[in-house]
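Working notes, structure below.
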Amino acid sequence: MSASSQENKEAAEQAEVAAEELRAAAERLNNAAAEAEAASEEVTSLIDPLASLAEAASISDYLYLISIFALACFVGYYVVWSVTPALHTPLMSVTNAVSSVVIVGALIAVGADVAASPNGGLSRFFGIVGVALASVNIFGGFLVTQRMLAMYKKKER
């Protein structure tokens with residue numbers, strides 16, 4: 001046998017070995033793809049009930065807003081009661097400023113032309129309540145601020 005024929009035979013054997021390895025790799029890849037598809041179907045079967053559960057447990061907008069309001073009340077309570085006495089006067093001034101912004105929004109709610117809508121009366125009612133509460137807060141804040149500032153004045157004898 002000639003040297004080139006020997007080399008051709010070795011190259012053919014190497015090609016057959018490489019082809020066999022490629023077939024084995026392709027088979028492993030197909031098996032992995034089948035396993036991935038099965039896992040995907042299993043995950044989908046687990047997610048579908050969770051999605052329907054999430055839709056069933058969706059929180060209404062009103063409940064969401066009421067929970068935010070309740071959390072704001074708790075945070076406000078703890079913030080106000082943890083303030084040192086020396087800071088109460090500036091805190092009252094800031095509270096008065098915030099209440100003045102609230103009263104502007106409440107006046108807009110009272111004066112808005114929403115009578116044609118189904119919730120127009122409810123909007124005006126809450127606007128009037130907002131004006132009343134903000135007014136009490138503003139005037140009470142001024143009275144408390146004035147009284148606290150009077151505590152720092154020197155007493156006349």
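All of the numbers you see were taken from the coordinates with simple rules; none came from a lab. Note that this is a predicted model, so its numbers are computed, not measured. Positions of Cβ are backbone-derived with ideal geometry, glycine not excepted, and every protein chain shown enters the neighbour counts.
Here are the numbers for the structure shown:
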item	result
Cα radius of gyration and Dmax for segment 85-151 (Å)	15.3, 52
From phi via Karplus (6.51, -1.76, 1.60), per-residue ³J(HN,Hα) for segment 68-84 in Hz, x at Gly/Pro	5, 4, 5, 5, 5, 5, 5, 4, x, 4, 5, 5, 5, 6, 9, 7, 5
Exposure proxy order (Cβ contacts within 10 Å, fewest to most) of Ser4, Ser67	Ser4, Ser67
Residues Phe139, Phe69, sorted so that the one with the fewest Cβ neighbours within 10 Å comes first	Phe69, Phe139
